[in-house]
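Worksheet for the structure shown next.
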Amino acid sequence: MTKDTIPVHPGERFDVEFVAENAGSWALHCHVVHHTTNDDVEPGGLLMVINVQS
């Protein structure tokens, strides 16, 4: 299955496998705005960056 967005509801979890074919920074984040801040300060919250080197 190929997706660029996966809805995850309370109590759910997913294992995600992906192939980073290009070097760079890959961001994984929540699309609910207030989930991606720490007391309204960005960045923070549900955000992760994977750095891929060639």
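Just so it is clear, none of the values below were taken in a lab; they were calculated from the coordinates. This structure is a prediction, so every number in the text was calculated from the model and none was measured. Note: ideal-geometry Cβ built from the backbone for every residue, glycine included; neighbour counts use all protein chains shown.
May I ask you to list the chymotrypsin sites (Phe, Trp or Tyr not before Pro) in the chain that are in a DSSP loop and have at most 16 other Cβ atoms within 10 Å of their Cβ?
For chymotrypsin sites (Phe, Trp or Tyr not before Pro) across the chain that sit outside H, G, I, E and B with at most 16 neighbouring Cβ atoms in 10 Å, the list reads 14, 18.
Mean separation of Cα pairs under 8 Å and 6+ residues apart, divided by the residue count of the chain: what relative contact order is that in percent?
34 percent.
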